[in-house]
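Chemist: Pasting a structure here, questions to come.
Where a number appears in this text, it was derived from the coordinates with a stated rule and is not lab data. Owing to the predicted nature of the structure, the values given are computational and were not obtained by experimental measurement. Note that we place each Cβ from the backbone using ideal geometry, even for glycine, and neighbour counts take in every protein chain shown.
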Amino acid sequence: MSRIAMLGTGLIGSFYTECLHSHRGRDRVRVVYSRSADRVRDFAKKWDIPRFTTDMQQAIDDDETDAVIVALPNHLHEQAVTAAAKAGKAVLCTKPLGRTAEEALRMMEVVERSGVFHGYLEDLVYTPKTLKSLKAVHDGSVGKILWVRSRETHGGPHSDWFWNKELAGGGAIVDLGCHCIEIARNFIGKDIRPVEVMCWGDTQVHPIETEDHAIGLVRYESGAIGQFEVSWAFRGGMDLRDEIVGTEGTIWLNHWLRTGMEMYTATGASGYVAEKAESSEGWLFPVGDESGALGYLEMFSDMFNAIENNRLPMETFYDGYVVNAIIDSAYQSIKSKRWELVHLPIWRGRENVESVKSFRAFDDQHLLVKEEKMPNGQTKLILRHKETGDITERIRN
């Protein structure tokens, strides 16, 4: 059982606390911190938390605090993580780990020097659909991964600090792209080095300093491509989708819209519908268990089981650091309008990974390009001559 200090009472702090109290049960928030006295008081009452404070250090140093969850705005992550590490407390930090790779690296180094448990709270790699798909990939069901496309779009974040470039560290890329990048890393292989990034981003709708739309490509040493698509101006709710393409198969995932529950109401639904839902009338797409669908349940189970069993969780601060390095390169690419290298002074994965290019030999002289079943039951073979490169086809009964 872990006794938790929850730092933050915003949307993410609420999601985390609801998940912990409703599902995990034995792990409880015992003290909560917020900069707002009114909000922290209301939050503690709502979730039956015995102590609350507007002093971050007091929450961390609380005698009953075993683990600290950082659910604060991005610019406060380093301060909170450093304080928790110095206090010798396990620390779990929400995404993104830092505003930049430099900031993330400092956080990673302070927890590793202190020897405290650390987990990166990247919930979307823990969704039930993602975990099942990852198992299929690891079992070889789709072959070598060639391309992963991850999309997260909605009408924009709820809190004002997200829209401030200095506080957040960026716009839709740092807010949403961090999810998409880590999803792709998990499918491609977190031990495969990201090499370079090409990214477009722009402010198309909102009067802000940073991007509200972006599309990026991340090339990995294996030759695989991770693609992220993010927007703060998408209409119609929140769209979370992933596509995984391998040499032997394909996986399509739709996590939020079109999840199997659709409802029409002419009078309007009472109360909350789903995160980022724009309307409570017309066609609605409610989510039965948001904490479960977004991966919070499996994420916290992994984190606290890892603490109890003295092992690393699936997502660590090192993963957050790598994601931040990729994001830094994305922002550089937007400015330069060219591919930008990913700078990772600390790399803990494989070196010189074999390319995903794979050619199957057909006979001594030919490589098999494609095998296709015809309507008449015959098989068409597209072949390439090893020496001349000529492409020919053969029909096989």
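Chemist: Taking other Cβ within 10 Å of each residue's Cβ, how do VAL32, VAL81, VAL125, VAL110 sort, fewest first?
Modeler: VAL110, VAL125, VAL32, VAL81
Chemist: Now for a separate question. What percent antiparallel are the DSSP beta bridges of the chain, to the nearest 5?
Modeler: Of the beta bridges lying entirely in the chain, close to 65 percent run antiparallel.
Chemist: Here's something else I'd like to know. For the chain, what is the charge dipole size about the Cα centre, in debye to the nearest 20, if Lys and Arg each add +1 at the Cβ and Asp and Glu each add -1 at the Cβ?
Modeler: So the magnitude is around 620 debye.
Chemist: Using per-residue counts of other Cβ atoms within 10 Å, averaged over each peptide, order 14-21, 223-230 from highest down.
Modeler: Put in order of decreasing packing, that is 223-230, 14-21.
Chemist: If you take the charge dipole of the chain about its Cα centre, with +1 on Lys and Arg Cβ and -1 on Asp and Glu Cβ, which of PHE362, VAL137, ILE225 is farthest toward its positive end?
Modeler: So the residue we want is PHE362.
Chemist: Okay, moving on. Who wins for biggest fluctuation among LEU381, LEU217, LEU240 in a Gaussian network model of the chain, springs between alpha carbons below 10 Å?
Modeler: Greatest mean-square fluctuation among the candidates belongs to LEU381.
Chemist: Straight distance only, please: which lysines reach the Cα of LYS86 with their own Cα at less than 24 Å, same-chain residues fewer than 8 apart left out?
Modeler: Answer for LYS86, where 24 Å is the Cα cut-off: LYS95, listed by chain and number.
Chemist: A follow-up question, please. Would you look at the GNM of the chain, springs on alpha carbons closer than 10 Å, and say which of ASP61, ASP364, ASP48 moves the most?
Modeler: Highest fluctuation among the options: ASP364.
Chemist: Between the stretch 348-395 and the stretch 55-70, how far is it from one alpha carbon centroid to the other, in angstrom?
Modeler: Comparing the Cα centres of the stretch 348-395 and the stretch 55-70, I get a distance of 59 Å.
Chemist: Using DSSP to define loop residues, name the trypsin sites (Lys or Arg not before Pro) in the stretch 302-397 whose beta-carbon has at most 16 other beta-carbon atoms within 10 Å.
Modeler: Passing sites in the stretch 302-397 are ARG311, LYS337, ARG338, ARG348, ARG350, LYS357, LYS386.
Chemist: Give a quick list of trypsin sites (Lys or Arg not before Pro) in the stretch 178-265 that DSSP marks as loop, anything other than H, G, I, E or B, with at most 14 other Cβ atoms within 10 Å.
Modeler: Answer by residue number: ARG235, ARG258.
Chemist: Which length gain, in nm to one decimal place, applies between ASN254 and ASP202 when the Cα-Cα distance is subtracted from 0.36 nm times their residue separation?
Modeler: This chain segment gains 16.2 nm when fully extended.
Chemist: Which one, ALA266, ALA85, ALA168, has the greatest fluctuation when you compute a Gaussian network model over the chain with C-alpha springs under 10 angstrom?
Modeler: Greatest mean-square fluctuation among the candidates belongs to ALA266.
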